[in-house]
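Asks: Just dropping this structure here.
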Amino acid sequence: MSTLKYVVGFLTSTKAGIVVMVILALLSLLGATIPQGGSEQAYVDVYGRLWGGLIWTLGISDIFGADYFTFVLVLLCAMVFACALKRLPRRIRLASGRPLIFDEKRLARMPEAGETVVDLELEEAALHVVDICRRRHYRALREAGHPGEGIFASKAGYSRYGSFILHLSFIFLLAGGLASTRLGSRYLREVRVGESFVLERAGGDSTLVRVEDFTVETDRRDRLSDYVCEVTLEAGDRILLRYSIRPNHPLVRGGREIYLVSYAEDTARPEAFALSVYDSLGVVVAPHVFAAVDVKNYIEELEGSIQATLGVLPGVRLFSDDGGIQSYMLQRDVLPAEEVGGAYQFVVMYGVPAVLVTLEIVREPFQGLIIAGLALLTVGSFVSLYLSHRRIWFIVAGLPDGKTRIVLGGGASRNPEGFADEFEAVRRALDELA
């Protein structure tokens, strides 16, 4: 029992909480200052053998995935949860209870107090007090057995739970961030337009992601508008989905999100060549034709189809209508007739570079925890900052002449100025009864 008491005392200690948060802040500062994910030699080159080796040995090179960083986060979650539970019973008592302080001296010492005499009998006056409170959205309860009669009015008692909701939101956010860091994944894939890659999914299933096209959109004034990457998801011979990935609109599939990060021109491996075709004597046969890589394009002047190839050196294959296949090297200039080794010469005018798209595949499990944490943070902040628990006590006592004396006092958990105005409105409503 003493051990449990010590553990609870540690988890709810303010000093221990400050120490844990300072440690977490220092570790986060190291992670933000020192580049993450490098090799040991890279850290040695930048920071020297001593400090570089220490960074690598202590795991500072991947501090957000280190076990000790996870331990500090889990400890902070436990401390926040313990503090929230410790204060919850008191919050419940304050929100739902109605302390019996129907004593004129105690009411007179409250932040707001007053009294009035009405020309009504006690029962009728009590009913009017309850009606006035309920019209102002108070929950009014009558207490018998006091000098006269006591009435307790309460509004927005749930605002007492604002701090508990905030504590709970921090727990959800920390737990969701921890789960994403430890169980999630994030990596980049560079894919040429027309090529594909395998997207592994939970349960061992896999889907083929094919990049069909990439375009840069502009508006009516020819200004950059958006980047669009057209992809298809395929399973076997079936197309499961066609989707346009934009920078702020990822493709979500199989628990993973595919983001468009960047694009570049792959000049090392063009997707097509613009060619001029000459015969062996240097006479122009076809002045301007396109030869796509691994795609046949029929050329009427050659009575066949040509297809560019990217082997050790770029070349062209000519598929004649009679069934023959000839291979030619691409040339930069027209050669003399004695140096030509075939019927044609294919001279490169320019290459059409392929588009290389960089996609980021992100897996962040338990995102629901983060969404729930953000929702609770919004609700808790609103309840804590904009709502206040307002309570008013009334002592309704009959007088010998048939009139009734009403003594009232109350207070609010926050925004005393606003409560003062409301209390004054209630008192004026009682004065009107007089």
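Asks: Among the residues of segment 378-393, is any touching a residue at least 24 places away in the same chain (Cβ under 8 Å), under 27 Å from the mean Cα position of the chain (by Cα) and surrounded by 20 or more Cβ atoms within 10 Å (Cβ to Cβ)?
Replies: So far as segment 378-393 goes, yes, one or more of its residues are touching a residue at least 24 places away in the same chain (Cβ under 8 Å), under 27 Å from the mean Cα position of the chain (by Cα) and surrounded by 20 or more Cβ atoms within 10 Å (Cβ to Cβ).
Asks: In the set L318, L275, L260, which member is touching a Cys at 6+ places or on another chain (Cβ under 6 Å) and either assigned by TED's automatic domain parsing to the domain that holds V191 or modelled with pLDDT of 90 or more (or both)?
Replies: Being touching a Cys at 6+ places or on another chain (Cβ under 6 Å) and either assigned by TED's automatic domain parsing to the domain that holds V191 or modelled with pLDDT of 90 or more (or both) holds for just one of L318, L275, L260, which is L260.
Residues are listed down the side, and each one gets a yes or a no for (1) within 30 Å of F319 (Cα to Cα); (2) exposed (fewer than 15 other Cβ atoms within 10 Å of the Cβ); (3) not polar (S, T, N, Q):
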site: E257; (1), (2), (3): no, no, yes
site: A264; (1), (2), (3): no, yes, yes
site: T267; (1), (2), (3): yes, yes, no
site: E271; (1), (2), (3): yes, no, yes
site: Y278; (1), (2), (3): yes, no, yes
site: V289; (1), (2), (3): yes, no, yes
site: Y298; (1), (2), (3): yes, yes, yes
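Asks: Just for strands (runs of 3 or more DSSP E) wholly inside segment 139-234: which have at least 2 residues that are farther than 30 Å from L377 by Cα and touching a helix residue (DSSP H, G or I) at 6+ places or on another chain (Cβ under 9 Å)?
Replies: Because the criterion is at least 2 residues that are farther than 30 Å from L377 by Cα and touching a helix residue (DSSP H, G or I) at 6+ places or on another chain (Cβ under 9 Å), the strands (runs of 3 or more DSSP E) in segment 139-234 that meet it are 139-143, 149-155.
Asks: Would you confirm whether any residue within segment 236-255 is closer than 30 Å to F366 by Cβ and touching a Pro at 6+ places or on another chain (Cβ under 9 Å)?
Replies: yes
Asks: Could you say which residue among S206, S196 is under 30 Å from V352 (Cα atoms), of a type outside the set (A, V, I, L, M) and either out of contact with any His (no Cβ under 6 Å at 6 or more places or on another chain) or in the same structural domain as V293 (by TED's automatic domain parsing) (or both)?
Replies: S196
Asks: Can I ask one more? Among residues belonging to segment 323-375 that are touching a helix residue (DSSP H, G or I) at 6+ places or on another chain (Cβ under 6 Å) and not hydrophobic (A, V, I, L, M, F, W, C), point out the one that is surrounded by the most Cβ atoms within 10 Å (Cβ to Cβ).
Replies: Once the filter is applied, the top-ranked residue is G373.
Asks: Considering only segment 398-414, state which residues are in a strand (DSSP E or B) and either out of contact with any Pro (no Cβ under 6 Å at 6 or more places or on another chain) or not assigned by TED's automatic domain parsing to the domain that holds V129 (or both).
Replies: Within segment 398-414, G398, T404, R405, I406, V407, L408, G409, G410, A412 meet the criteria.
Asks: Out of G162, G150, I need the residue that is touching an Asp or Glu at 6+ places or on another chain (Cβ under 6 Å), small (G, A, S) and buried (at least 16 other Cβ atoms within 10 Å of the Cβ). Which one?
Replies: After applying the criteria, what remains is G150.
Asks: Of the residues L76, L4, L26, L85, only one is touching a residue at least 40 places away in the same chain (Cβ under 8 Å) and in a helix (DSSP H, G or I); which?
Replies: L76
The values are calculated or read from the model by the stated rules, or taken from the named source; none is laboratory data. Note that the coordinates shown come from a computational prediction; the quantities given were computed from them, not determined experimentally. Every residue, glycine among them, receives a Cβ derived from its backbone with ideal geometry; neighbour counts consider all protein chains shown.
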